[in-house]
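Engineer: Have a look at the structure that comes next, please.
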Amino acid sequence: MDDLLAAETELEQAWCDLDREWHRLLQEAHEEGVGIVHDAETEAAHVVRDAHVEATSIVDMAQAEAAALLLEAQEQADRIVAEARRAPLPAAAVEDPTGIREALQRLRTELSGVVDAALDAFPAIEATADLFAAPAPPPEPVIDLTEPAPVVRRPGRVRRLLRLA
């Protein structure tokens, strides 16, 4: 009988040790999961910030380039208009059509570069805007495995029969 009692005590102790270890492992897993989520959120915030900075830089560069090209085009157009006003109309149209064509070709080339730069910047700008506009996903539900679910006991047939008797 004493051997049976000792075995039962030893089994109970092992069961308690197992339960403590299970709770410790659950706590470690929870802490590690919280750390991973925190690290991921921090990294995501850095990526969004970097993308925003990059998009702002691209937009600023495109605006500066467009302003410079616009100024250059305006100066070229002013020179062409001034030349056209100084010369008689029929003579200017006949004498220097190649200069005007070259100026128009340079203007087209430069404006095409500006448009290309602006179009190249759009995906980064839209991606940044989408990141700021998108709502945060709902948090994942937490399942607490440390507490067992409550057991709801319903009267069975035997209890009903006992109550009827």
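The values are calculated or read from the model by the stated rules, or taken from the named source; none is laboratory data. As the structure is a prediction and not an experimental result, all values here were calculated from the model. Cβ placement follows ideal geometry from the backbone for every residue including glycine, while neighbour counts extend to all protein chains displayed.
Engineer: When you check H52 against the structure, is it touching a residue at least 40 places away in the same chain (Cβ under 8 Å) and either under 30 Å from F122 (Cα atoms) or among the β-branched types (V, I, T) (or both), yes or no?
Structural biologist: Judged against the criteria, H52 is a match.
Engineer: Take the conditions part of a helix (DSSP H, G or I), under 20 Å from E110 (Cα atoms) and among the small types (G, A, S) and apply them to A84. Does it pass?
Structural biologist: Considered against the rule, which asks whether it is part of a helix (DSSP H, G or I), under 20 Å from E110 (Cα atoms) and among the small types (G, A, S), A84 comes out as no.
Engineer: Could you give every pair whose Cβ atoms fall below 8 Å, whose first residue belongs to region 19-31 and is part of a helix (DSSP H, G or I), and whose second residue is hydrophobic (A, V, I, L, M, F, W, C) and surrounded by 11 or more Cβ atoms within 10 Å (Cβ to Cβ), counting only separations of at least 6 or pairs across chains?
Structural biologist: Within 8 Å, the pairs are L26/L145.
Engineer: Look through D78, D130, D120 and report the one residue that is over 30 Å from D19 (Cα atoms), under 37 Å from the mean Cα position of the chain (by Cα) and modelled with pLDDT of 75 or more.
Structural biologist: D120
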